[in-house]
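**Q** Before I ask anything, here is the structure I am working with.
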Amino acid sequence: MSASRFHSTHARSPEEQLILTAARTQAEGSTNAALVELSAAVTHWDRVLHHGYMHGLLPLLHARLREAGVLESVPRQVVEALSDTYTFSAARTLQLSTELGRILDALEEDSIAALPIKGPVLGALVYSDPSLRPFVDLDIIVPPNQVDQAITTLARLGFTEPNGPTHARRKSTRLTEYATHLVHETRRTPLDLHWSLARRYFSARVPEELLWESTRRLDLASRSTVVPNPAMLILLLSVHGSKHGPFPWPKLKWVVDLDGFVRSRDLLDWEDLLRISVELGCRRMLLLGFALAEELLRSPLPEVLHAAIERDRSIRALTSPIASR
């Protein structure tokens, strides 16, 4: 089930409504009352657990139901499953964040520039508790001319390439791919080492040069870490969510990430973000993601984004077939 399966053109079940109401990164004033009502109407908690798991939302669902004070009325086995998932997410987040700190320290010692992207950065930046945004691997980007050196450093830490020790060093790999996959030989921690953000043939790409120029510092992995700024992360999310072949935005948690940026206290220049998206050829991808956030999660979009969506009829036209799947 895609994220947009919950689109407003569908008659939503109580199970779907519960997930959508709980999926907002910040609860609204009416959220708790709505969750109380919806949880009483749910008859298929197995569907809530299944779809919540598929979309990476169970920790967030657990937190929202706990805040609403309805866990006592939820079947015991469901509460246990939600609690176990949150506990696992918290432990996994701590483990991966600790590993990320070791990696970044080692790369810095070897004078290798590196930026963490995706999961841990999003968790720390837009969620009240990073454990509410589960992730299963680490993603780091380094300059193309430092990939070989980074692989050597990571090998010293115990990371190896399942595809062979020379896979990422081949010229053909660098030309056709944008990352190589590594796994720690004992802890089995997965790591994607990027030198680019998308394959060369992909029409909309965030240039690596722009990414390196647009950074900020964030308390992450028990250190002050250089990460992409919010505008770059939003553009990365928009491209990432839209590039999944004929089925864009398959994970609702990616739409929730966008909702988090809208509701966060970080002031963004939304007009400048739109301008950059036009220059990079991903404006429609950006607007589609935020259109989904507005309709599915009631994200309070800035007027400039809402107006841009309303002016572009293709956005609604693109959203409808996605919702009909």
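The values are calculated or read from the model by the stated rules, or taken from the named source; none is laboratory data. This structure is a prediction, so every number in the text was calculated from the model and none was measured. Glycine gets a Cβ as well: all are built from the backbone with ideal geometry, and neighbour counts include every protein chain shown. Heavy atoms of the whole protein, side chains included, go into the accessibility calculation; ligands, DNA and RNA do not. Shrake-Rupley method; radii C 1.70, N 1.55, O 1.52, S 1.80 Å.
**Q** Conditions: (1) surrounded by fewer than 21 Cβ atoms within 10 Å (Cβ to Cβ); (2) at pLDDT 95 or above; (3) closer than 27 Å to GLY289 by Cβ. ALA27 meets all but one. Number of the miss?
**A** The number of the failed condition is (2).
**Q** Do we find that LEU132 is under 30 Å from ALA40 (Cβ atoms) and open to solvent by 30 Å² or more (accessible area, probe 1.4 Å) in this structure?
**A** When the stated conditions are applied, LEU132 does not pass them.
**Q** Could you please let me know if VAL206 is out of contact with any Leu (no Cβ under 6 Å at 6 or more places or on another chain) and touching a residue at least 12 places away in the same chain (Cβ under 8 Å)?
**A** Considered against the rule, which asks whether it is out of contact with any Leu (no Cβ under 6 Å at 6 or more places or on another chain) and touching a residue at least 12 places away in the same chain (Cβ under 8 Å), VAL206 comes out as no.
**Q** If LEU35 satisfies all but one of (1) of a type outside the set (Lys, Arg); (2) open to solvent by less than 10 Å² (accessible area, probe 1.4 Å); (3) over 29 Å from LEU138 (Cα atoms); (4) in contact with a Phe, Trp or Tyr (Cβ under 9 Å, 6 or more places away or on another chain), what's the number of the condition it fails?
**A** (4)
**Q** The conditions are (1) more than 20 Å from ARG283 (Cβ to Cβ); (2) at pLDDT below 90; (3) not basic (Lys, Arg), and TRP212 fails exactly one of them. Which is it?
**A** Here TRP212 clears every test but (2).
**Q** From the list SER277, SER314, SER264, exactly one residue is within 19 Å of the chain's Cα centre (by Cα), of a type in the set (S, T, N, Q) and more than 18 Å from GLN26 (Cα to Cα). Which is it?
**A** Going through SER277, SER314, SER264 in turn, just one is within 19 Å of the chain's Cα centre (by Cα), of a type in the set (S, T, N, Q) and more than 18 Å from GLN26 (Cα to Cα): SER277.
**Q** Tell me, which residue of the stretch 2-24 that is surrounded by 18 or more Cβ atoms within 10 Å (Cβ to Cβ) and among the charged types (D, E, K, R) is modelled with the lowest pLDDT?
**A** ARG5
**Q** In addition: Does the stretch 261-272 include one or more residues that are among the basic types (Lys, Arg) and at pLDDT below 95?
**A** yes
**Q** Restricting the search to the stretch 240-255, which residues are in contact (Cβ under 8 Å) with a residue 12 or more places away in the chain and either in contact with a Leu (Cβ under 7 Å, 6 or more places away or on another chain) or open to solvent by 10 Å² or more (accessible area, probe 1.4 Å) (or both)?
**A** Those that are in contact (Cβ under 8 Å) with a residue 12 or more places away in the chain and either in contact with a Leu (Cβ under 7 Å, 6 or more places away or on another chain) or open to solvent by 10 Å² or more (accessible area, probe 1.4 Å) (or both): HIS240, SER242, LYS243, PHE247, PRO248, TRP249, PRO250, LYS251, LEU252, LYS253, TRP254, VAL255.
**Q** Six or more apart or on different chains, Cβ under 9 Å: which pairs go from a residue in the stretch 93-109 that's open to solvent by 60 Å² or more (accessible area, probe 1.4 Å) to one that's at pLDDT 95 or above and of a type in the set (Ser, Thr, Tyr)? Could you list them?
**A** LEU94/SER131; GLN95/THR189; GLU109/THR153
**Q** I would also like to ask the following. Scan the stretch 140-150 for residues that are within 19 Å of THR176 (Cα to Cα) and open to solvent by 10 Å² or more (accessible area, probe 1.4 Å) and jot them down.
**A** Once the filter is applied, which keeps residues that are within 19 Å of THR176 (Cα to Cα) and open to solvent by 10 Å² or more (accessible area, probe 1.4 Å), the stretch 140-150 yields PRO143, PRO144, ASN145, GLN146, ASP148.
**Q** Can you tell me which residue is surrounded by the most Cβ atoms within 10 Å (Cβ to Cβ) among those in the stretch 38-80 that are closer than 22 Å to ALA90 by Cβ and small (Gly, Ala, Ser)?
**A** GLY52
**Q** A further question follows. Answer with yes or no whether LEU237 is open to solvent by less than 60 Å² (accessible area, probe 1.4 Å), in a helix (DSSP H, G or I) and touching a Gly at 6+ places or on another chain (Cβ under 9 Å).
**A** Criteria met by LEU237.
**Q** Quickly run through the stretch 151-171 and pick out the residues that are open to solvent by less than 50 Å² (accessible area, probe 1.4 Å), at pLDDT 90 or above and of a type in the set (A, V, I, L, M).
**A** ILE151, LEU154, listed by residue number.
**Q** Checking the condition in contact with a helix residue (DSSP H, G or I) (Cβ under 6 Å, 6 or more places away or on another chain) and closer than 21 Å to GLY119 by Cα, which residue from TRP270, TRP254 passes?
**A** TRP254
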